[in-house]
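Beneath this line is the structure, given in structure tokens, with notes to follow.
The values are calculated or read from the model by the stated rules, or taken from the named source; none is laboratory data. Bear in mind the structure is a predicted one, so any value in this text is a computation, not a measurement. As a convention, Cβ positions derive from the backbone with ideal geometry for all residues, glycine included, and neighbour counts pool all protein chains shown. Surface accessibility is based on the protein's heavy atoms, side chains included, excluding ligands, DNA and RNA. Shrake-Rupley method; radii C 1.70, N 1.55, O 1.52, S 1.80 Å.
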Amino acid sequence: MRKGKILQISAVSTTIDKQLRPLIEASVKEGYEVHIACADDGNIENLRNEGFIVHKVHFDRKISFKSNLKSIIELIKLMKFYKYDIVHVHTPVASILGRIAAKLAGISNIIYTAHGYYFHDGMSKKQYTFYYQIEKQFAKFATDYLLLQSKEDYELSVQHRFKNEKKIIHLGNGIDIYHKFNPDNIKKEYVNKVKNDFGIKDADFIYAFIGRFVREKGIYELVEAFNKLNPIKPNVKLLLIGGLLDSERDQDINQALEKWKGNPNIIFTGLRKDIPELLSVSNVFILPSYREGLPRSIIEAMAMKKPVIATNIRGCREEVIDEKTGYLIEKKDINKLYEKMLTLYDNKELCLSYGEKARQIVEKEYDEEKVLEKQIELFNSLSQH
């Protein structure tokens, strides 16, 4: 028996595939009919072939009145036709447009999961105030339940009274730590295949990065620090896992990529599904971002017993314990990043120690099942009303 209809909204289909899949599958298993609304960045057809109900909706990743209005109209029509019991929105622009549409369509239960508030310390005061007010006003007037992945975001939301405290939930973040991201489950033959595919030798020391190739992920600083280290440590390699959307390409990144590809020790894997195996051949994970929510990539690396070098920003500092599971450095600090990369290269035992501690923390704090349970409990409480 179906409990009700849920619409999950995200800007692009990759977010559905990479981040929201476990929640959608758990909801369906619980008895809900789940629909998805997103723009297509290459995954919609695959999701449909797997049996997911996906509605293609136009979303711009920026504020554009004409384009945003078109998205709102599409969503209103969709919501009125299917009469959803719950609309659950994600990602900055899609969450705003989705909530406007849900309000206008008369949806009873609107949930917003903030994977990381858009405002952050690196912004000018004017920018920060603008985005802060958008988040606060939409939380107050267009959201029934506010779910926060980051503890810092949760505490800020409570202290600044974004909503009644009972309607604000610290969700956290989680991954499959017992099956998928478990070092004990990695098959040696697959690890050897990964090494052969990318020309990695047993004596190589591998630094890994996962994410979009955009400036705010700190990838420019990472490559610069690596190029500083490489001449004195010839057996180091940098594994760049991910890529970027065509809409994110500009002349700077195109020129940078061409230059980076000139170094044979920088390996571009492209978008991959075998993240556990790629992490298993790595020694250190690095995420030198300028802004994050509660990054899943760090949790994945910690689950695979890898020390992490990350920036001292919201989200990252919640996950990484400085000098216990890795290092926290200030953003854009190439010299400090280089220094910590060198420190871990020169201290293999320290790498192992940090990695073991990281795994212990993940098992305690970032179990996906606990995160899914909180959301299903919320859905169930709303479907009974």
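A few remarks follow.
- Scoring Ile134 on the criteria (1) of a type in the set (Val, Ile, Thr); (2) part of a helix (DSSP H, G or I); (3) open to solvent by less than 30 Å² (accessible area, probe 1.4 Å) leaves a single failure, condition (3).
- Looking only at region 152-181, and only at residues there that are assigned to a loop (DSSP other than H, G, I, E, B) and farther than 18 Å from Pro295 by Cα, the one that is most open to solvent (accessible area, probe 1.4 Å): Arg161
- Of all residue pairs spaced 6 or more apart or on separate chains, those with beta-carbon atoms under 6 Å, a first member in region 280-302 that is closer than 16 Å to Thr343 by Cβ and a second member that is open to solvent by 10 Å² or more (accessible area, probe 1.4 Å) and part of a loop (DSSP other than H, G, I, E, B) are Phe285/Lys306.
- Residues satisfying the stated conditions in region 43-77, i.e. out of contact with any strand residue (DSSP E or B) (no Cβ under 9 Å at 6 or more places or on another chain), closer than 24 Å to Ile96 by Cβ and part of a loop (DSSP other than H, G, I, E, B): Lys62, Ile63, Ser64
- For region 78-87, the count of residues that are part of a helix (DSSP H, G or I), of a type in the set (Phe, Trp, Tyr) and open to solvent by 40 Å² or more (accessible area, probe 1.4 Å) is at least one.
- Test: Thr325 is buried (at least 24 other Cβ atoms within 10 Å of the Cβ), among the hydroxyl-bearing types (Ser, Thr, Tyr) and free of Cβ contacts under 8 Å to residues at least 60 places away in the same chain: yes
- Of the helices (runs of 4 or more DSSP H) lying entirely inside region 260-356, those containing at least 2 residues that are aromatic (Phe, Trp, Tyr) and more than 30 Å from Asn43 (Cα to Cα) span 334-346.
Residue by residue, here is whether (1) aliphatic (A, V, I, L, M); (2) within 23 Å of Gln384 (Cα to Cα); (3) modelled with pLDDT of 95 or more holds:
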| site | (1), (2), (3) |
| --- | --- |
| Pro92 | no, no, no |
| Leu97 | yes, no, yes |
| Ile100 | yes, no, yes |
| Ala105 | yes, yes, yes |
| Ile110 | yes, yes, yes |
| His115 | no, no, no |
| Gln133 | no, no, yes |
| Leu146 | yes, yes, yes |
| Leu156 | yes, no, yes |
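- Scanning region 341-363 for any residue that is surrounded by 14 or more Cβ atoms within 10 Å (Cβ to Cβ), under 30 Å from His88 (Cβ atoms) and free of Cβ contacts under 8 Å to residues at least 12 places away in the same chain turns up nothing.
- Lys103 satisfies every condition listed in (1) part of a helix (DSSP H, G or I); (2) open to solvent by less than 40 Å² (accessible area, probe 1.4 Å) except (2).
- Any chance Leu271 is more than 24 Å from Ile334 (Cβ to Cβ), open to solvent by less than 30 Å² (accessible area, probe 1.4 Å), within 16 Å of the chain's Cα centre (by Cα) and at pLDDT below 95: no
- Among (1) at pLDDT below 95; (2) outside any helix (DSSP H, G or I), the one test that Cys38 misses: (1)
- In this entry, Lys261 is excluded by the filter for residues that are open to solvent by 20 Å² or more (accessible area, probe 1.4 Å), within 16 Å of Ser297 (Cβ to Cβ) and without any contact (Cβ under 8 Å) to a residue 12 or more places away in the chain.
- Positions within region 306-320 being in contact with a Cys (Cβ under 9 Å, 6 or more places away or on another chain) and open to solvent by 10 Å² or more (accessible area, probe 1.4 Å), in sequence order: Lys306
- Residues of region 4-47 satisfying the condition of being closer than 20 Å to Ile107 by Cβ, polar (S, T, N, Q) and open to solvent by 10 Å² or more (accessible area, probe 1.4 Å): none
- Only listed residue being closer than 20 Å to Leu342 by Cβ, part of a loop (DSSP other than H, G, I, E, B) and hydrophobic (A, V, I, L, M, F, W, C), chosen from Ala208, Ala225, Ala203: Ala203
- Taking each residue of region 47-60 that is over 18 Å from Arg21 (Cβ atoms) and looking for partners that are assigned to a loop (DSSP other than H, G, I, E, B) and not aromatic (Phe, Trp, Tyr) with beta-carbon atoms closer than 9 Å, six or more apart or interchain, yields Phe59/Thr91.
- Set Leu337, Leu372: member being hydrophobic (A, V, I, L, M, F, W, C) and over 30 Å from Tyr84 (Cβ atoms): Leu337
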